[in-house]
Each structure stands twice: as structure tokens, then as C-alpha cells.
1. Out of all the residues in the range 220-241, which are in a helix (DSSP H, G or I) and open to solvent by 70 Å² or more (accessible area, probe 1.4 Å)?
2. How about the range 203-214: which of its residues are open to solvent by 40 Å² or more (accessible area, probe 1.4 Å), touching a strand residue (DSSP E or B) at 6+ places or on another chain (Cβ under 7 Å) and not in a loop (DSSP other than H, G, I, E, B)?
3. List pairs: first in the range 291-319 and open to solvent by 30 Å² or more (accessible area, probe 1.4 Å), second of a type in the set (Ser, Thr, Tyr) and part of a helix (DSSP H, G or I), Cβ under 8 Å, 6+ apart or cross-chain?
4. On the given criteria, is Val282 among the β-branched types (Val, Ile, Thr), assigned to a helix (DSSP H, G or I) and open to solvent by less than 50 Å² (accessible area, probe 1.4 Å)?
5. Among the residues of the range 259-270, write down those that are under 15 Å from Val318 (Cα atoms), in a loop (DSSP other than H, G, I, E, B) and open to solvent by 10 Å² or more (accessible area, probe 1.4 Å).
6. All but one of (1) under 18 Å from the mean Cα position of the chain (by Cα); (2) more than 25 Å from Leu159 (Cβ to Cβ) hold for Arg195; which doesn't?
7. Go through (1) more than 17 Å from the chain's Cα centre (by Cα); (2) at pLDDT 95 or above for Gly228 and report which single condition fails.
8. Given the condition loosely packed, with under 14 Cβ neighbours inside 10 Å and of a type outside the set (Ser, Thr, Tyr), answer yes or no: does some residue in the range 127-137 qualify?
Amino acid sequence: MRRFASLFLWVGFLVGISLMVSCRHSAAKDSGSQEAVRQTFVPTFNADSSFAYIERQVAFGPRVPNTAAHREASAFLSAELRRHGAQVTLQEFQATAYDGTLLEACNIIASFFPEKSHRILLFAHWDSRPYADNDPQPQNHRTPIDGANDGASGVAVLLEIARQIQAHAPKVGVDIFFFDVEDYGKPYFSTSPDRGDTWALGAQYWANNPHDLAYRADYGILLDMVGGKGSRFAKEGFSLRQAPNIVDKVWNAARVLGYGDYFVDMRGGFIDDDHIYVGRRVPSIDIIAYDEENGFVPQWHTLDDTMEYIDKAVLEAVGQTLLWVIYNE
């Protein structure tokens, strides 16, 4: 946290409600909101900014490896993180897809305040799926998706958090990783022989080849599909195994802030996602729109994964909760 003058701290205390509570939904007016009023400064998450970051990514077209859209999006994300004050490392590598195709890939690794020993790792995947293989229309199954929610939403929330970190330094160091080739997994229509786990290839690569062998973080939080209308975030199964205390930290923060309708107090399913591989080095959890009752949101891996189904209220719930966690460390 930035070391403000004592006068600012008292002003921050007196207007704490407007800084931390009043700018969000009326749901925050429950009894939990009184617990949220502390002297700790927490920036207000800007859902409009986050929404615009999704629009910017989608405008490139499907961000599928080996395409111009993929290369252009990579350059934009790297430049934006640098603009927000991060030290950026590009981890370029070749990944072998389920069908043997060599994919030119890049993990984008950003570090804020690298000198700080206590660190939080936030991550998302930035590529989009080359197949709409869950689309209700079979003729669309080989068509790439926009990935507005599945990919771009997590990245957009983290870009807005990066903007806030530049303006207001937290006490801890923060790293933001954008993993590539998460969504190039084997489609149902493929007849290629199995090649092991064909999903989350960027996270797998980093887990086996970290950008810094000495890298450490206290914990990690993955964002996956965190902007879709109707989203609910149950407590994902592997997250509860790997880092139950971090699950509790995040879900309790959401409850205090009045976002309990989004971060529901129930166990979710077990999702094979980037946090499985990152968890080999950093205990990590997954905030993902999935619960065993409803499954994924209806637009998952369909051509409907577009801006039309992005909800700013969901982006706010996730982004403000993460800011609360970061600035209260």
C-alpha cells in the first residue's frame, strides 16, 4: 500500500464508504457492508474500463494461435501492461496441438514491484477457442469464437486492476500472467490419437519452464469466464484441495462487499484449468463461472460468446473483490 500522509488516512477513513462501498450495487447495504468499512484504502473497480478492454480484444477477431489477430492482440496486451508500469517478460514458445500442429505461442508475464517478497499472482488465458464445438448448430463447430467471456473477460479485469495498481501501490507485489494456448484442446470431432492433456498448454509450459527459477508467490488466483450474464462462481473442487484458505479469503471478501449472489457459498465441480499446473509452483484457485447445477454459461464454446452477453455487474463483482483482497494484504 502507498504510504500516504496521516491526513490522507483520516480523510480516507471518513469517506471510506464512498471509496469502498457506495459505488457498487445496493446489495452492499446489507449488514456485511459495515464490516467492509476500514481505514485500508481500496480503489474502486471501473467496470466500464474493463468492458472496454473486452471490446478491444474482441475487435482483433478470434485470438487463435498462428493468426494475425493473435499476434496483434499479444502486442496490445504487452504494451498495455507496460503502459501501466509493469515489467513485462514475453515467454515465447512452440506448442504442439492435439493434431500435431505447431503453434507459435507466447505467455505474457507482468510484474509490479518486483522487489517485494510477498506477492500475489493473478492470471487468465488470453487466447480464444478455434472451434465453436458446443454451438447448437453443427455447421458452426469448426468456426473460431470471439471469446468475449471465455478469455477476454479475465484479461480485461486484470488490465483494469493493473491500471489501479499503477495509481495506488498496494503493500504486496503483484504479478499478472496472461497464459496462451489454453483453449486449443482436442475437439470432440477430432480423430487424432491422444497426446496427453491438450488444454492449458501455456500454463503447462510455464510450470515446466518458469520464466524465473526463483519465482515465488504467496498464492495465485485464476480468472476464467468472469463477465458473462447470469454468472455464478461456486467454490471449484481443485481450488478447495490446493488452497482452501485462499478460497475462503476471496469468497468472504465477496460476501462482505455484498457480492454473495455471484460468489455463492457452495461447492462446484472439478475443472481442469490453468490453476492445476500453476498450482505445482504456487498454491492457486480458480474463479470460474461453473456450478454443478447449471454447468457453464450457455454461450460457452459457441458463436454466442460475444459482447452481447457481457455483464458489467459481473465484472464489477469480480474486480472489486480482487482489489479488496489485494489491498487488505
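The values are calculated or read from the model by the stated rules, or taken from the named source; none is laboratory data. None of these values were measured; they are calculated from a predicted model. For neighbour counting, all protein chains shown are included, and Cβ atoms are generated from backbone atoms with ideal geometry for every residue, glycine included. Side chains included, ligands, DNA and RNA excluded: accessible areas come from the protein's heavy atoms. Shrake-Rupley method; radii C 1.70, N 1.55, O 1.52, S 1.80 Å.
1. Arg241
2. Tyr205
3. Final answer for the pair search is Lys312/Ser50.
4. In short, no.
5. Gly260, Asp261, Tyr262 - these are the residues of the range 259-270 that are under 15 Å from Val318 (Cα atoms), in a loop (DSSP other than H, G, I, E, B) and open to solvent by 10 Å² or more (accessible area, probe 1.4 Å).
6. Exception for Arg195: condition (1).
7. (1)
8. Yes, the conditions are met somewhere in the range 127-137.
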